[in-house]
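A single structure is presented below for examination.
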Amino acid sequence: MSTTTTSTFTRTNARYLASKIAADLRQLRSFYGRPSEQQIENLLEELVEMLAGGYVATYEAGFRKTDKRVVSVRYTVSSSGVASDEGAGGVYARADVTGASWFTFMTYADAWWCLSDAERTTVKNSVPVDRSPGAEPTDGDGYWEGGRSYASGGTSASRRGFRPQ
């Protein structure tokens, strides 16, 4: 006997994944004092919209000094359907972020680039986060470590963490 299952990724699935990422952002705030709750709510709203459209390839949030990461969490989004769903949290808690600035960085999936300029503008105008082009931070004095995976509706966000030595 053979069975086939299909899964449709919905806005509810997108909200679930975004809420896991928001929980990690709240843990960053708990440890390091930023981002603010309003920033987290805005980023959550942006993530729901972008995930629902299939527009996110990677998403990163953390602290950097100049262009170097100090501590961050980076999510790689995949719709392969293969992932476990774990609890949020476990963000590195002891980085020295004195003099560091808060950042988020998103790279876009192919679906984003398939939209017309007008469609991309409409999506950008529908979210409370104003992103501008920029360069992803480079690795500072630290290393990447494995993390957790969040999944819903056949889509996953696999998290890795950058932490200081």
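Any read-out appearing in this document is the output of simple, stated calculations on the displayed coordinates, not a laboratory observation. Just so we're clear, the structure is a prediction, and the values are computed from it rather than from any experiment. All Cβ positions, even for glycine, are placed from backbone atoms using ideal geometry, and neighbour counts span all protein chains on display.
Using Stokes-Einstein with the Kirkwood hydrodynamic radius over Cα pairs, what translational diffusion coefficient do you get for the stretch 66-148 at 10 °C and a viscosity of 1.306 mPa s, in µm²/s rounded to a whole number?
Translational D for this selection: 99 µm²/s.
Please go through the stretch 19-120 and write out the GluC sites (Glu not before Pro) that DSSP classes as loop and that have at most 15 other C-beta atoms within 10 Å.
In loop regions of the stretch 19-120 (DSSP not H, G, I, E or B), the sparsely surrounded GluC sites (Glu not before Pro) are 86.
Report the trypsin sites (Lys or Arg not before Pro) located in the stretch 72-123 that are in a DSSP loop and have at most 16 other Cβ atoms inside 10 Å of their Cβ, or state none.
Sparse-neighbourhood loop trypsin sites (Lys or Arg not before Pro): 94.
According to a simple spin-label model (label point 7 Å from Cα along Cα-to-Cβ), what is the distance in nm between residue 79 and residue 42?
Distance between label points: 2.8 nm.
Now for a separate question. Evaluate the relative contact order of the stretch 1-153 (contact order divided by residue number), counting alpha-carbon pairs under 8 angstrom at least 6 apart; express in whole percent.
Reported relative contact order: 33 percent.
Report the gain in length on full extension from residue 114 to residue 93: 0.36 nm times residue separation, minus Cα-Cα distance, nm rounded to one decimal.
3.7 nm
What net charge do the residues around residue 67 carry, taking every other residue with its C-beta under 12 Å from that of residue 67, with Lys and Arg at +1 and Asp and Glu at -1?
+2
May I pose another question? Let me check I've understood the local charge: for residue 160, count other residues with C-beta under 11 angstrom from its C-beta, Lys and Arg +1, Asp and Glu -1. What total comes out?
With Lys, Arg at +1 and Asp, Glu at -1, the net is +2.
What is the stretch 1-90 by shape, rounded, prolate or oblate, if you read a ≥ b ≥ c off the alpha carbon gyration tensor as root eigenvalues and call it rounded for a/c under 1.5, prolate for a/b larger than b/c, and oblate otherwise?
Prolate is the answer for the stretch 1-90, as a/c is 1.5 or above and a/b outweighs b/c.
For the chain, what does the helix formula give at 222 nm: sum of -39500 (n - 2.57) over DSSP H segments with n ≥ 4, over the residue count, nearest 500 deg cm²/dmol?
It comes out at -9500 deg cm²/dmol, rounded to the nearest 500.
Let a ≥ b ≥ c be the square roots of the eigenvalues of the Cα gyration tensor of the stretch 99-139; is it rounded (a/c under 1.5), or, if not, prolate (a/b larger than b/c) or oblate?
oblate
Shifting gears a bit: Cα convex hull of the chain: mean projected area in nm², to one decimal?
Average of the hull's projected areas for the chain equals 10.6 nm².
I'd like to know which of 81, 123, 95 lies farthest towards the positive end of the charge dipole of the chain, counting +1 on Cβ of Lys and Arg and -1 on Cβ of Asp and Glu.
95
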